[in-house]
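Engineer: Structure incoming, see below.
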Amino acid sequence: MADSDVNIEVGNSKIPFENISNLVFHTGNIANWNRLRRQAAQSPDEELVESIKATLSSWLPTVNVEELAVGIILGKETVTACNRAYIQKIEDSERKQLKLSVKLFLTNWDPSVLKEAVSRTLCDLGVSQIDVLIIAFPDLGDEELTLEMMQPLWRAMEEMVENKILLFLGVSDLCKTKLEELFNWAKVKPNIDQWNLVSCCIMPQDLVDFAKIHDIQLLSHSDPKEILPADSLGKTLVSTCGENAGTRWLPEWVIRYAVIIRTRGVLQSKGFIVKAKKF
């Protein structure tokens, strides 16, 4: 229960949300959760919100509030909300048999944010390489996406390919014209273009033709342009943690990862890692 200050009671103690600058949520493996309130035809954004709620509910009772408060006083800016029991690291002995595919949803164009999201994913899952990284560029509304906007982020991804941190690169919702511009400019070419079939049930023929010529895999998805709006995150924090806990949080990036058994095509684990920043 929250009091008039932004403090959330856990037992007889309180979490000082007003002093936290960054929040990271890691859901752990949700593929076999029975804790999610799964709905028929649940959308990706609904699944994400339910995953965050379940993560907070399992994390709050485990918090050592005194230790957390001391860390904040000493300058700790980021607090991670997760239940370690649900985070399934990838064992070295299994790595060759598993494919790690990641989709990164960004809300700004800063390459350092992209690098941070990738680094966090590698660390949390205990691996040194991601097999496929698909980037969803920030939602521009009515503004047109340009090659100049994409270039700094793509250069950061190419650098990670050169350093063997990433293996293959993909994009989301690039039309033929934008995909061709990126393809012609990039040193490391995109291997995948995800296309949202919710608004258009058939992929554009010019995109299909271009992808076929250049051996680009076209995949469908149903993700919204903005998978976690700030108001949605705020409401989620309020409903789980208390009235004032959800104020002034802006999602900075969302990672959705999937670990697939290569020989069988079976999903072994799936989860979200989210970073939000106080503004």
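Engineer: Scan segment 57-84 for residues that are modelled with pLDDT of 85 or more, closer than 29 Å to GLN129 by Cα and surrounded by fewer than 16 Cβ atoms within 10 Å (Cβ to Cβ) and report the count.
Structural biologist: Residues meeting the conditions: 3.
Engineer: While we're here: Can you tell me which residues in segment 234-277 are in contact with a strand residue (DSSP E or B) (Cβ under 7 Å, 6 or more places away or on another chain) and assigned to a loop (DSSP other than H, G, I, E, B)?
Structural biologist: Correct list: GLY242, GLU243, ASN244, ALA245, ARG248, ARG262.
Engineer: Same structure, new question: Does ASN108 count as open to solvent by 70 Å² or more (accessible area, probe 1.4 Å) and more than 29 Å from TRP33 (Cα to Cα)?
Structural biologist: Details: open to solvent by 70 Å² or more (accessible area, probe 1.4 Å): no; more than 29 Å from TRP33 (Cα to Cα): yes.
Considered against the rule, which asks whether it is open to solvent by 70 Å² or more (accessible area, probe 1.4 Å) and more than 29 Å from TRP33 (Cα to Cα), ASN108 comes out as no.
Engineer: Considering only residues that are β-branched (Val, Ile, Thr) and either out of contact with any strand residue (DSSP E or B) (no Cβ under 8 Å at 6 or more places or on another chain) or free of Cβ contacts under 8 Å to residues at least 40 places away in the same chain (or both), look in segment 131-156 and name the one that is least open to solvent (accessible area, probe 1.4 Å). Before the answer, list the steps.
Structural biologist: Keep residues of segment 131-156 that are β-branched (Val, Ile, Thr), which gives 132, 134-135, 146.
Pick out the ones that are also either out of contact with any strand residue (DSSP E or B) (no Cβ under 8 Å at 6 or more places or on another chain) or free of Cβ contacts under 8 Å to residues at least 40 places away in the same chain (or both) and you get 135, 146.
Numbers: ILE135: 1, THR146: 44 Å².
Of everything passing the filter in segment 131-156, ILE135 is least open to solvent (accessible area, probe 1.4 Å).
Engineer: Within segment 255-268, is there a residue that is within 19 Å of the chain's Cα centre (by Cα), surrounded by fewer than 16 Cβ atoms within 10 Å (Cβ to Cβ) and not hydroxyl-bearing (Ser, Thr, Tyr)? Give the steps one after another, and end with the answer.
Structural biologist: Restricting attention to segment 255-268, the residues satisfying the condition of being within 19 Å of the chain's Cα centre (by Cα) are 255-260, 267-268.
Still in the list and also surrounded by fewer than 16 Cβ atoms within 10 Å (Cβ to Cβ): 267.
If we keep only those that are not hydroxyl-bearing (Ser, Thr, Tyr) too, we end up with 267.
Looking for residues that are within 19 Å of the chain's Cα centre (by Cα), surrounded by fewer than 16 Cβ atoms within 10 Å (Cβ to Cβ) and not hydroxyl-bearing (Ser, Thr, Tyr), one finds at least one in segment 255-268, hence yes.
Engineer: For a quick check of your reading: which helices (runs of 4 or more DSSP H) sit entirely within segment 18-136 and have at least 1 residues that are of a type in the set (Gly, Ala, Ser), within 15 Å of the chain's Cα centre (by Cα) and closer than 23 Å to PRO229 by Cβ? Before the answer, list the steps.
Structural biologist: On the way: elements: 44-59, 65-73, 111-125.
It comes to 44-59, 111-125.
Engineer: Please specify each residue of segment 156-173 satisfying the condition of being out of contact with any helix residue (DSSP H, G or I) (no Cβ under 6 Å at 6 or more places or on another chain) and either over 14 Å from ILE134 (Cα atoms) or not in a helix (DSSP H, G or I) (or both). Break it down into steps so the answer makes sense when it comes.
Structural biologist: We begin by selecting, within segment 156-173, every residue out of contact with any helix residue (DSSP H, G or I) (no Cβ under 6 Å at 6 or more places or on another chain); these are 157-165, 167-168, 170-173.
Of everything in segment 156-173, those that are out of contact with any helix residue (DSSP H, G or I) (no Cβ under 6 Å at 6 or more places or on another chain) and either over 14 Å from ILE134 (Cα atoms) or not in a helix (DSSP H, G or I) (or both) turn out to be GLU159, GLU162, ASN163, LYS164, ILE165, LEU167, PHE168, GLY170, VAL171, SER172, ASP173.
Engineer: If you don't mind, another one. Go through LEU237, LEU250, LEU167 for me and flag whichever is under 17 Å from the mean Cα position of the chain (by Cα) and surrounded by 13 or more Cβ atoms within 10 Å (Cβ to Cβ).
Structural biologist: None of the other options fit; the residue is LEU250.
Engineer: Collect the residues in segment 174-203 that are in a loop (DSSP other than H, G, I, E, B), closer than 20 Å to SER43 by Cα and modelled with pLDDT of 95 or more, keeping them in residue-number order. First the steps, then the outcome.
Structural biologist: Of all residues in segment 174-203, those in a loop (DSSP other than H, G, I, E, B) come to 174-175, 186-191, 197-203.
Restricting the remaining residues to those that are closer than 20 Å to SER43 by Cα gives 197-202.
Within segment 174-203, no residue meets the criteria.
The values are calculated or read from the model by the stated rules, or taken from the named source; none is laboratory data. Nothing here was measured: the structure is a model prediction, and the numbers come from that model. Here the Cβ is made from the backbone with ideal geometry for all residues, glycine too, and neighbour counts use every protein chain on show. Only protein heavy atoms, including side chains, enter the accessible area calculation; ligands, DNA and RNA are left aside. Shrake-Rupley method; radii C 1.70, N 1.55, O 1.52, S 1.80 Å.
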